[in-house]
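A quick write-up on the structure given underneath.
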Amino acid sequence: MAAPASASPRVRVAALIQADGKVVLVRHKAGDHRYHLLPGGGVDFGETLEDALVREVHEETGLLVEIGHPLFLSDTIDPSGRRHVVNITFSATRVGGEVTDSPADARIEAVDLVSPESLAQLDLRPPMAESLVRALRGEVVSAEYLGSLFAPAKRGPTV
């Protein structure tokens, strides 16, 4: 079932960050269930993907990052049609900050540093552990993120 015509997909950016050979993940808790996500979040209207990702990573983990190249694009579409998320995963490099013990986002239970070998055992959302391991090995060819490319319309010569 497709999303209603008036609904728009949500754009979520995420960062693949390594710290001390481990992957930085955020652990969410929903009821008695726990699952992991790469740090990141929604892009606000008028915000670049890069600005959103730097902001979200800092809010969730306490880390300051430099955004690298895009690694993956994917959709998460609820079969009921109630939710559609476009996921854009970037490589990122830690340039400062420390992993926080108390993330600013109340939905986050903790920031976990996980060995790449352990990713497949986690409830990782979206389920992309195998792809992340390939990226960490340098086996993923990426696109180049060009940033915001708005330019005002050019006016032709006046006669």
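For region 47-75: of the residues being small (Gly, Ala, Ser) and closer than 18 Å to Gly147 by Cβ, which is farthest from the chain's Cα centre (by Cα)? Going through the qualifying residues, I end up with Gly68. Within the set Thr76, Thr89, the sole residue that is touching a Phe, Trp or Tyr at 6+ places or on another chain (Cβ under 7 Å), in contact (Cβ under 8 Å) with a residue 12 or more places away in the chain, of a type outside the set (A, V, I, L, M, F, W, C) and within 20 Å of Arg134 (Cβ to Cβ) turns out to be Thr89. Considering region 20-64, the residues that are in contact (Cβ under 8 Å) with a residue 24 or more places away in the chain, of a type in the set (A, V, I, L, M) and more than 17 Å from Val114 (Cβ to Cβ) include one that is surrounded by the most Cβ atoms within 10 Å (Cβ to Cβ), namely Leu53.
Just one of the listed residues (Asp44, Asp78) is acidic (Asp, Glu) and farther than 24 Å from Ser148 by Cβ, and it is Asp78. Residues in region 79-109 that are surrounded by fewer than 15 Cβ atoms within 10 Å (Cβ to Cβ) and under 22 Å from Asp44 (Cβ atoms): Arg82, Arg83, Gly97, Ala104, Asp105, Ala106, Arg107. Within region 131-156, restricting attention to residues that are surrounded by 10 or more Cβ atoms within 10 Å (Cβ to Cβ) and without any contact (Cβ under 8 Å) to a residue 24 or more places away in the chain, the residue that is farthest from Ile17 (Cα to Cα) is Arg134.
Criterion first (polar (S, T, N, Q) and touching a His at 6+ places or on another chain (Cβ under 8 Å)) does Ser115 satisfy it?
Working: polar (S, T, N, Q): yes; touching a His at 6+ places or on another chain (Cβ under 8 Å): no.
No.
We did not get these values from a lab; they are worked out from the coordinates using the rules stated. All of these numbers come straight from a predicted model, not from anything done at the bench. Cβ atoms come from the backbone with ideal geometry, glycine included; neighbour counts cover every protein chain shown.
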